[in-house]
Amino acid sequence: MNQLSMISILTKREFMSFFATPIAYVFIAIFLIMSGIMTFNLGSLFERGQADLLPFFNFHPWLYLFLVPAFAMRSWSEERRSGSIELLMTLPITALQAMVAKFVSAWLVLGLALVFTFPLWATINFLGQPDNGVILAAYIGSWLMAGAFLAIGICMSALSKSQVVAFILSVSISFLFVLSGTEAVINSFKGVLPTGAIDVIASLSFIQHFDSIAKGVIALNDVGYFLLVIVSWLTAGLVIIEDKKAS
């Protein structure tokens, strides 16, 4: 059996395991409820009088900041705590295959949560004439950003047996990626660091790259940034798993 076939089988197994327990249902329900509250109550979707979903997407970085680490914290931590990771590693699969399967299956669940917000998109089309190309781009950007949060969460889960520790570390690191592009952070470095260094810090921001895509421009540098973050953190997680496997 080739590597892709094995990853496909493992991904299907991991994906179905999310729905064998309340985990996926709880995550999707909380995501939809919180999205609704933030979009209609905090974002004043209808009061704005504009046919777009900006109030919906503007809150996604902050929603993902807590929800995705909570969703990802058990991916490896539970395997290590229960000791099932030793059994997993005795099977004819590689750590790379297991890591990719865990990520892809969880990323699909996140994508499913976004799909379930389709009635909101339909409502906006019923009430006005939005630019659906921009909305589609924002959905793609949101899913890519969710994948970046997820990769960080999976890496931290591989680092610790404790799900609580994994959650706290994931939120802390993700918060830095979100915060780095805010005006408050950029202004705090002005006069302290050279302009080039400040630009580098700002370029690490999830919000900056997501906002660019959410405007309807799916630029290669923004997509590449999120993919690079995903690959980098999954690679770090793989190194951790291989190191613990060797020891």
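The values are calculated or read from the model by the stated rules, or taken from the named source; none is laboratory data. Since the structure is predicted, the reported quantities are computational estimates derived from the model, not experimental observations. Virtual Cβ from ideal backbone geometry, glycine too; neighbours counted across all protein chains shown. The accessibility values were calculated without ligands, DNA or RNA, using every heavy atom of the protein model including side chains. Shrake-Rupley method; radii C 1.70, N 1.55, O 1.52, S 1.80 Å.
Some points to look at:
- Answer label, with Kirkwood radius over Cα pairs in Å calculated from the coordinates and candidates (i) 19.1; (ii) 18.5; (iii) 22.2: (i)
- Candidates Ser17, Ser35, Ser180: whichever shows maximal mean-square fluctuation once the chain is modelled as a Gaussian network with Cα springs under 10 Å: Ser17
- Computed over the chain: relative contact order in percent, which uses C-alpha pairs under 8 Å that are six or more apart: 26
- Highest-fluctuation residue, Gly196, Gly181, Gly153 considered, GNM on the chain with Cα pairs under 10 Å: Gly196
- Counted by Cβ distance under 15 Å from Ile168, the other residues give a net charge of +2, where Lys and Arg count +1 and Asp and Glu count -1.
- The 3J(HN,Hα) values that the Karplus relation (6.51, -1.76, 1.60; θ = phi - 60°) gives for region 228-236 are, in residue order, 5, 4, 4, 4, 5, 6, 5, 5, 4 Hz. Gly and Pro appear as x.
- Fraction of accessible area attributable to carbon and sulfur, the chain (%, probe 1.4 Å): 70
- Helical runs (DSSP H, four residues minimum) scored at -39500 (n - 2.57) apiece and divided by the length of the chain put the mean residue ellipticity at 222 nm at -25000 deg cm²/dmol.
- Taking the average, over residues, of other Cβ atoms within 10 Å as the packing measure, peptides 122-134, 211-223 rank 211-223, 122-134 from highest down.
- Computed from phi, the 3J(HN,Hα) profile of region 164-173 under the Karplus parametrisation 6.51, -1.76, 1.60 (θ = phi - 60°) reads 5, 4, 4, 5, 4, 5, 5, 5, 4, 5 Hz, with x in place of Gly and Pro.
- Net charge of Cβ neighbours under 14 Å - reference Gly133; Lys, Arg +1; Asp, Glu -1: -1
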